[in-house]
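What follows is a short report on a single structure.
The values are calculated or read from the model by the stated rules, or taken from the named source; none is laboratory data. Keep in mind it's a predicted model, so treat the numbers as computed, not measured. Here Cβ is always computed from backbone atoms with ideal geometry, including for glycine, and neighbour counts include all displayed protein chains. SASA here: full protein model, heavy atoms, side chains in, ligands and nucleic acids out. Shrake-Rupley method; radii C 1.70, N 1.55, O 1.52, S 1.80 Å.
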Number of protein chains: 2
Amino acid sequence: MEVGKSIVRVDAFDKVTGRTKYTDDLCDASAYVAKILHSTIAHGRVLSIDTGEAEKIEGVVKVVTCFDLGEYKNYFPTAGHPWSTDVSHQDVADRLVLTDEVKFYGDDIAAVIAENEVAASQALRAIKVEYEEYPVVTDVLEAMKDGAPQIHKDYPNNILKHTSISRGNYAEAIKEEGLTVVDRWYNTEPVQHCHIENFICYAYAEGKRITVVASTQIPHIARRVVGQALGIPWGDVRVIKPYIGGGFGNKQDILYEPLCAFLSLKVGGHLVKLDCSREETFVANRTRHGIKFHIISHVRKDGTYAARKIEMFSNQGAYASHGHSIAAKGLGAFPQLYPCDNVEGDAYTVFTNRPVAGAMRGYGIPQAMFAVESHTEDVAKIMGIAPIDFRLKNLMPQGYKDGFSKNENYYDTFRQCIEKGKAYMDYDNRLKELSNQTGRIRTGIGMAAFWYNTAVWPISLESSSSRLVLNQDGSVTLQLGETEIGQGADTAFSQMAAEILGISTDEVHIVSNQDTDITPFGTGAYASRQTYIGGFSIAKTAGLLKEKILDYAYILTNMPPAITDIKNSMIIRTTDNRELISLRDLATEALYSLSDSRHITAESTAQIKSNAYSFGCCFAEVEVDIDMCKAKVKKIINVHDCGKLINPALAKAQVEGGMSMGIGYALSEIQLVDKKTGKVLNDNLLDYKLSTCMDHPHLETAFVENPEPTSPFGTKSLGEPPTCPVAPAIRNAVMQATGVGVNELPMRPEKLYEYFNKAGLLK
Amino acid sequence: MEVGKSIVRVDAFDKVTGRTKYTDDLCDASAYVAKILHSTIAHGRVLSIDTGEAEKIEGVVKVVTCFDLGEYKNYFPTAGHPWSTDVSHQDVADRLVLTDEVKFYGDDIAAVIAENEVAASQALRAIKVEYEEYPVVTDVLEAMKDGAPQIHKDYPNNILKHTSISRGNYAEAIKEEGLTVVDRWYNTEPVQHCHIENFICYAYAEGKRITVVASTQIPHIARRVVGQALGIPWGDVRVIKPYIGGGFGNKQDILYEPLCAFLSLKVGGHLVKLDCSREETFVANRTRHGIKFHIISHVRKDGTYAARKIEMFSNQGAYASHGHSIAAKGLGAFPQLYPCDNVEGDAYTVFTNRPVAGAMRGYGIPQAMFAVESHTEDVAKIMGIAPIDFRLKNLMPQGYKDGFSKNENYYDTFRQCIEKGKAYMDYDNRLKELSNQTGRIRTGIGMAAFWYNTAVWPISLESSSSRLVLNQDGSVTLQLGETEIGQGADTAFSQMAAEILGISTDEVHIVSNQDTDITPFGTGAYASRQTYIGGFSIAKTAGLLKEKILDYAYILTNMPPAITDIKNSMIIRTTDNRELISLRDLATEALYSLSDSRHITAESTAQIKSNAYSFGCCFAEVEVDIDMCKAKVKKIINVHDCGKLINPALAKAQVEGGMSMGIGYALSEIQLVDKKTGKVLNDNLLDYKLSTCMDHPHLETAFVENPEPTSPFGTKSLGEPPTCPVAPAIRNAVMQATGVGVNELPMRPEKLYEYFNKAGLLK
């Protein structure tokens, strides 16, 4: 059995020895350097750009402005979603490679192509821009008001999209007698992904075709979008994805692949490299949406919900990107996590003059979980019910089935996860110990649960293709469109292929890099879809390859496929387990046979029309220094039911990363924007307080391995979930310690001061 | 119809603009530079190597000698032949990556790995070697004598292999009365390929796997040989072949891929580049075998052959390389070109202390054609029969079928080719004009015919796999293992795929570079096999892809595959030619369909169990300056029947290149070796008189397009044939002008002086 083993990452050696090639390592030194001129206003129009001085600088090859688009003035979308042939389901196409209609401070209005970095930087400074300025709006509720500055012409009140959900009869249900009403607002702020490798790409043309090598999670989607942006057939675009140093959703957007391709075409197809600085990453890439939530719960005395209402206001920033799908996913979380017969929900995604928000680990769920699990804690407290008891009474029960996604909760998973969390925390004893604190430094213990959907069906296409090649030594080569982005996908995929084929994982050579010319189509790394969706694809293709191998074994051994199998790289007779021939000998003979030569390969597409719930919870013990307004996590555990683990060690590592991100989300991270100018105030890692290993205690992880029945390997999402329950667990611990429920993220000292002060704690 | 059109090469734009990436362009600047220390004796043993001084040089990383092989002391073969699982058919494995048993002047005894070229070169000079010297033999007949220095221990009299052919009863047949006996020796000398890009490769390790990027014609074979040389599973080797700047057979040998891989492993898998200099290319790569021929013909008065005997002595040089297969192919040419009931033939391939001979354009046939067509001319002259009449009487007749290869001459092709040649030369008139020359500058007109076998079945495996991907815009991507080596294969392959698929060639995106991890298995560029063998493969795979496309069209249009087809990139209904849907729309829908998503691809192996004769002739008019002993070609034409032309313009270009090579072979090119020391005397392009455009007149080409019935595209070999008939045509023109038959190549002034002097022409 290869699946379920903690096999060392297939890319470990190269990564540890520094030999792994990332995009910049692969770019030829002859590349021209492109740098982008970003707007220094947040809203307005470019009247003119004077490039005269810039062009005189030695080493400058060309300066291209928003007025030079010519045939390349094609609006394109940037969301990393599969294409839809249904126009109404296509992403909003509102970007140009360069624009004169400035919508945020940092918009792309011109670019310099130079022989070197220095010349490019000097030229940027030498360009003179004249603007017409418009009023700026950065707050989501302000932007929705009548009379607010309109950012995109077809969107009144800046509302990109509004969707509602409704179940039962909210208006009637709230009339029930004896209900306690809990009405609260919760707020989350934009944060940035902070992957180690900033976005980088390079492009060059060969004949009529253009190649873009990019640090992207979604090479096949990038091919399509570059085709749209350049207005050329999509097959004329080739996108190559090397190893990448993290993405977390930021690289699930098309960032600068189209611009880089355009710039290359502007210099006759010469190699052009575009490498984002950290400052640009913070401002001109993507952020996690800041979302304001308004939740009203009507609770019966017995601690059940009679009716609930949720309003969400998602700050999209300047362009549509992933847009409303994120708010919609967040909204969908409410009635599923705590089912209630009478629910109303509204989600609004709203343009503002802020940097663009897009996908980020969790895709709306971290925000939603902060709101809903803070609110749950508030309700429990108000109702005087122990928060875990309250949750277990209301959480999605075993057997629950969602009407839209058809997802089902097959197990008593929440209870199992919570029990594991409680055990690690010694919860009941600890709660008693912490019950009567009066000092200025107090400790609290809190928890939060979550659910997460695996993959994107039925909202979008779920399809993954893979190819397997039997090499002449009996090893196999595996290619698929789903991408390794640092998370260990290649290792999991290799284990899956080995499992089906009856060989060991080190006999699977996975091609890590995707090349849209040759890599089987897959949509890439997002929605925590890869082990689930890729699992179907690999199972199908490996099954086909095995069939072909056993067919050939029939030729060589006279034993038909009905009674043969592959085990430990041997063709065996299943009736008596006799080893008939090694896979190596078979592979060599098949390739070089003078009577029947075959290059044994298999390729297939798996279209998936299901997805799967992933569940879990976080428990955190937090020490609060009331006077210093500081919260510090002292002990923390995430418990996940992501089905069967493909590789426990990698699963653990993935959870730890997500927990770290959750701690930052809870306590320190925020993208600060000046409300007047729209300028980002902390566009670097000194001023942006990224959570590091210095900021957290030992990160404990535990798993409940309830195999997912819809998955060939029993697995479901784990990539994004770990980050979802952390912030509300910490928030609830702070409340347990201090009695103060902080309803805004991040809970940095400034915010705690505000809350503690208001609560009279600082007197 | 895409096949048959003179479409511009698919790689033209990039090659013309200098943007095509060759191996050196792709190698990262961080590569260590490896340089080889070649022996300065031709035969002996290395006693010791002192690397002390070399290692002290700044920038030297490591010096590796023949005494450092350790676990890598594995003998490997170098011939670019498909592997055989039958041990008796495997190539001779007589090479080590470095050796202490020196067998030629230039043998590989040590290597330096340095940070840069300068340090590597300095280090080479600083290494001190102590040898034990053995006697040297460079002549093939000397080497066969008893008591000659023995070069390989298992080969008495240095005979690598001896094969015989026999038909009828030679001993009896020569007793027939009235026979004229023509008994002559002919000699060809080694020449070098002189491709523009010298052999270059680089290697690096990733985990346990090693990647070699090499300028090779045979990436999949290189994978296997590197595996053999390193003693590791073949699947642990990845070979990548970029564009290459010519090979002509030299790169159908494994040159330094194993050494480079070994050196990389010696420095922990660091990137190591090994770039042959021109001097090394001349000495330590491969040459065309020099072969001595002895032909005895017994001719009846009516100009028919009663019996013939051929002896061939092929000078292999120091290592086996392609060895006897080249002499064997040459020997096989005799009884087929001029069938005769009673034939005896013997071919010997013999080791000498010369540089290693291997494959070179024509694979034994240029040598054999020089001998046989010189001899034919001699016989015709002696018999007093016009040489063309004599040939037409004796040449392989229409309907001839070879018992071994099953090849058949389906057409009256020789007559058709000769007629075209005669017409261009205005042969009959010109012959009259030239009949009574007495001056010191005389002009002659000569011709020679040839045949050539396409591909290598039934001697070896013939198998080619290909893969086609339908892109979302209806274009396709084509991958196959057969390699573009400058000859235009990619363009021909693209046209074939387009032809079958009903699309235009510019909608076929061929992946030019092979990567053994992912490229379907094919054995590579040799034996003029590619359009023939690749044609089967592409036809099969494109047929499969089309089937899948029409299956999908059935879903979208309700019209079943029985009445649909693809024409001009449209799915049409064949019954009324109605256009149902564009291939582009189908492709987009197939990929992104929410109901039935498929990445439509196809892959298959075609194993070919046939090959095909290719035919033709050359006519040359040559001016001979008797006093200056100089021959100059004034007018020349090659006429080929290579079946249907896939791309007439590329076919013409290929023939012109071959003719140029043939002119050099006839008049100037020779690898000169000092008999005492075995040292190559002209290891550079100044001293080696490569034929250039300055040395030849307009090169005329003509074709007879008799479609080959065994080929899906009616095509057969053209890569090597053009070079085969040129030298004997020129030789026969010189004889026609002067009466002197020069039986040795090249006919450079020194040689003509010898012959003219002996004939009394210089008195």
TODO: Could you pull out every one of the lysines with an alpha carbon less than 18 Å from that of A:LYS273, ignoring same-chain neighbours closer than 8 positions?
DONE: A:LYS21, A:LYS35, A:LYS62, A:LYS241, A:LYS251, B:LYS21
TODO: Would you please give the residues with an amide H less than 5 Å from that of B:VAL673, counting only those at least 5 places away or on a separate chain, with H modeled from the backbone geometry?
DONE: B:LEU681
Open item on the list: Nearest 500 deg cm²/dmol is fine: what mean residue ellipticity at 222 nm does the protein assembly as shown get from its DSSP H runs of n ≥ 4 alone, each adding -39,500 (n - 2.57), divided by its residue count?
Closed with: -8500 deg cm²/dmol
Open item on the list: Apply the Karplus curve 6.51 cos²θ - 1.76 cosθ + 1.60, θ = phi - 60°, to the phi angles in region A:23-33 and return the couplings in whole Hz, x for Gly and Pro.
Closed with: 3, 5, 5, 8, 6, 5, 5, 6, 5, 6, 9
Task: Integer Hz, Karplus 6.51/-1.76/1.60 couplings in order for region A:364-373, x for Gly and Pro - done: x, 6, x, 5, 4, 5, 4, 5, 6, 7
Task: Cα-based Kirkwood hydrodynamic radius, the protein assembly as shown, one decimal, Å - done: 36.1 Å
TODO: Find out how many positive minus negative residues lie around B:ALA727, taking Lys and Arg as positive, Asp and Glu as negative, among other residues whose Cβ is under 13 Å from that of B:ALA727.
DONE: 0
- [ ] Pull up all non-local amide H partners of B:SER604: gap of 5 or more, or a different chain, and H-to-H distance under 5 Å with H placed in the peptide plane.
- [x] B:SER466
TODO: Assuming 0.890 mPa s and 25 °C, estimate D for region B:463-607 with Stokes-Einstein, Rh taken as the Kirkwood radius over Cα pairs, in µm²/s.
DONE: 160 µm²/s
Task: Charge sum, other residues only, whose C-beta stays under 10 Å from B:SER528's C-beta, Lys/Arg counted +1 and Asp/Glu -1 - done: +2
Task: In nm, spacing of pseudo-spin labels at B:LYS145 and B:LEU392 (7 Å Cα→C-beta vector) - done: 4.8 nm
Open item on the list: Taking the full set of protein chains and a 1.4 angstrom probe, give the accessible area of B:TRP185 in square angstrom, rounded to the nearest 10.
Closed with: 110 Å²
Open item on the list: I'm checking a number: the convex hull volume of the Cα atoms of chain B, normalised per residue, in Å³. What is it?
Closed with: 170 Å³
TODO: Mind checking the full-extension length gain between B:LEU580 and B:GLU117? Use 0.36 nm per residue of separation minus the Cα-Cα distance, one decimal, nm.
DONE: 160.5 nm
Open item on the list: How far apart, in nanometres, would the label points at B:ASP674 and B:ASP302 be if each is projected 7 angstrom from Cα along the Cα-to-Cβ direction?
Closed with: 5.8 nm
- [ ] Order the peptides A:525-536, B:204-215, B:37-48, A:86-97 from the highest to the lowest mean number of other Cβ atoms within 10 Å of their residues.
- [x] A:525-536, B:204-215, B:37-48, A:86-97
TODO: Could you list the residues of region A:315-340 with an amide nitrogen less than 12 Å from a label point located 7 Å from the Cα of A:ARG167 in the Cα-to-C-beta direction?
DONE: A:332-340
- [ ] Work out the FRET efficiency for B:TYR75 and A:ASP412 from their Cβ-Cβ distance, taking R0 = 60 Å, and round it to the nearest 0.05.
- [x] 0.40
Task: Cut-off 14 Å between beta-carbons: net charge of the residues surrounding B:ASN342, Lys and Arg +1, Asp and Glu -1 - done: +1
Open item on the list: Contact order normalised by length for chain A, with contacts defined as Cα pairs under 8 Å and 6 or more residues apart; what percent is it?
Closed with: 16 percent
Open item on the list: Taking R0 as 35 Å, what FRET efficiency do you get between B:ALA423 and B:ASP341 from their Cβ-Cβ distance, rounded to the nearest 0.05?
Closed with: 0.55
- [ ] Quantify how strongly other chains surround peptide B:234-246 by giving the mean number of their Cβ atoms within 10 Å of each of its Cβ atoms.
- [x] 3
Open item on the list: Using protein chains only and a probe of 1.4 angstrom, how many square angstrom of B:LYS567 are accessible, to the nearest 10?
Closed with: 110 Å²
Task: Cα-projected label distance for A:MET628 with B:MET628, points at 7 Å along beta-carbon direction, nm - done: 9.8 nm
Open item on the list: Between A:SER435 and A:ALA93, what's the calculated FRET efficiency when r is the beta-carbon distance and R0 is 56 Å? Round to 0.05.
Closed with: 0.45
TODO: Compute the label-point distances linking A:PRO135 to its equivalents in the other copies; points lie 7 Å from Cα along Cα→Cβ; give nm, one decimal, shortest first.
DONE: 10.7
Task: Interchain or long-range residues, amide H under 5 Å from B:ASP108's placed H - done: B:SER39, B:THR99
Task: Under the Karplus curve 6.51 cos²θ - 1.76 cosθ + 1.60, θ = phi - 60°, whole-Hz ³J(HN,Hα) for region B:478-486, x wherever Gly or Pro sits - done: 10, 10, 8, x, 6, 10, 6, 10, x
- [ ] Heavy atoms only, probe 1.4 angstrom, no DNA, RNA or ligands counted: give me B:LYS161, B:LYS15 ranked by accessible area, highest first.
- [x] B:LYS161, B:LYS15
Task: For B:LEU718, solvent-accessible area (1.4 Å; no DNA, RNA or ligand), Å² - done: 20 Å²
Open item on the list: Below 26 Å, Cα to Cα, which lysines can B:LYS406 reach? Residues fewer than 8 away in the same chain don't count.
Closed with: B:LYS161, B:LYS309, B:LYS329, B:LYS393, B:LYS540, B:LYS609, B:LYS644, B:LYS716
